[in-house]
Amino acid sequence: ADLSQRIPTFLEGLDATPSLALLEPLVALAKTGERWMRDELISASVSRWVNPLSQALGALEGLSQVPAGPSLFSLLQEAERQLLLAQEAASGHLPIESQARSIAEKVARWMKSATDDLVSTSQLDVRSDVSELHAGTLAEFSVDVINVGHLPLRSIRVDTSPDWGLAEEPFLAEHTSFSLHLRGDVAKQPGTLTLQLRWSARNLNGQDVHG
């Protein structure tokens, strides 16, 4: 019961995902299960589900110290996978096994929500040194398209309106960039030129994102 009470309650998609720092008490309590098995204080039938649950929770140690990025993404996905396996292992009808299933399910949902939060940071930004263009001329310059998110993006496409250029990249790592060459006629009348850049890509979850 002590372990269950240490799991934050939240509604996925509505409430903010609890901080990963709150995992540490779960890790500490999971070590109790490891001690039970090491000292043979529990039967083999109980170890059948205590072992995978203790291993899954123990693997969460230090997760809050991992910077946002591909490494954290992989660790969160692996943690969710191990917790779902632990949930399946606690397949008995005893109340304590039912509680173990509930714990594994709740923490797995927590890991999935943290993964979704990480993926949701997908964003491209555009930067240029060009501050003005001369009316009535053919302009030609390049801009940097930067992945400012925490994770890589795939199948990137950037185009402009009006059509001054197009670029496609199969993969763009986090915090890296590529150059987009732009070329077009500037209106003869002096004023503000509106050049809209649109982008689309696919994140590591396989979802289409755009901006």
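The values are calculated or read from the model by the stated rules, or taken from the named source; none is laboratory data. The shown structure was predicted, so the numbers you read here are calculated from the model rather than taken from an experiment. Backbone-built Cβ (ideal geometry, glycine too); neighbour counts: all protein chains shown. Heads up: the accessible areas ignore ligands, DNA and RNA and are worked out on the full protein's heavy atoms, side chains in. Shrake-Rupley method; radii C 1.70, N 1.55, O 1.52, S 1.80 Å.
If you take the residues in the stretch 71-99 that are touching a residue at least 40 places away in the same chain (Cβ under 8 Å), surrounded by 15 or more Cβ atoms within 10 Å (Cβ to Cβ) and in a helix (DSSP H, G or I), which one is farthest from the chain's Cα centre (by Cα)?
Selected residue: E97.
Here are some residues: D144, D129. Which one is more than 30 Å from A21 (Cα to Cα) and at pLDDT 95 or above?
Going through D144, D129 in turn, the sole match is D144.
Name the single residue, out of those in the stretch 100-145 being assigned to a helix (DSSP H, G or I) and among the β-branched types (V, I, T), that is surrounded by the most Cβ atoms within 10 Å (Cβ to Cβ). Quick ask: steps written out before the conclusion?
Pass one, the stretch 100-145, residues assigned to a helix (DSSP H, G or I): 100-119.
Okay, now just the ones that are also among the β-branched types (V, I, T), so 103, 107, 115, 119.
Numbers: I103: 23, V107: 25, T115: 21, V119: 19.
Among them, the one singled out is V107.
For the stretch 56-68, which residues satisfy the criterion of being in a helix (DSSP H, G or I) and buried (at least 16 other Cβ atoms within 10 Å of the Cβ)? Can you show your working first?
Initial filter on the stretch 56-68 (in a helix (DSSP H, G or I)): 56-58, 63-65.
Matches in the stretch 56-68: A56, L57, G58, L63.
For the stretch 179-211, how many residues meet the condition of being outside any strand (DSSP E or B), open to solvent by 30 Å² or more (accessible area, probe 1.4 Å) and farther than 16 Å from S142 by Cβ?
So the count comes out to 13.
Residue under question is I42, and the condition is that it be open to solvent by less than 60 Å² (accessible area, probe 1.4 Å), β-branched (V, I, T), modelled with pLDDT under 90 and closer than 30 Å to T121 by Cα; does it hold?
no
Which pairs do you get when a residue that is basic (K, R), found in the stretch 173-187, comes within reach of a residue that is open to solvent by 50 Å² or more (accessible area, probe 1.4 Å) and not in a loop (DSSP other than H, G, I, E, B), reach meaning Cβ atoms under 9 angstrom, with the pair 6+ apart or on two chains?
Matching pairs, first to second residue: R183/L138; R183/E140.
Mind checking which residues of the stretch 146-178 are touching a Pro at 6+ places or on another chain (Cβ under 9 Å), open to solvent by less than 60 Å² (accessible area, probe 1.4 Å) and not in a loop (DSSP other than H, G, I, E, B)?
Within the stretch 146-178, I156, L172 meet the criteria.
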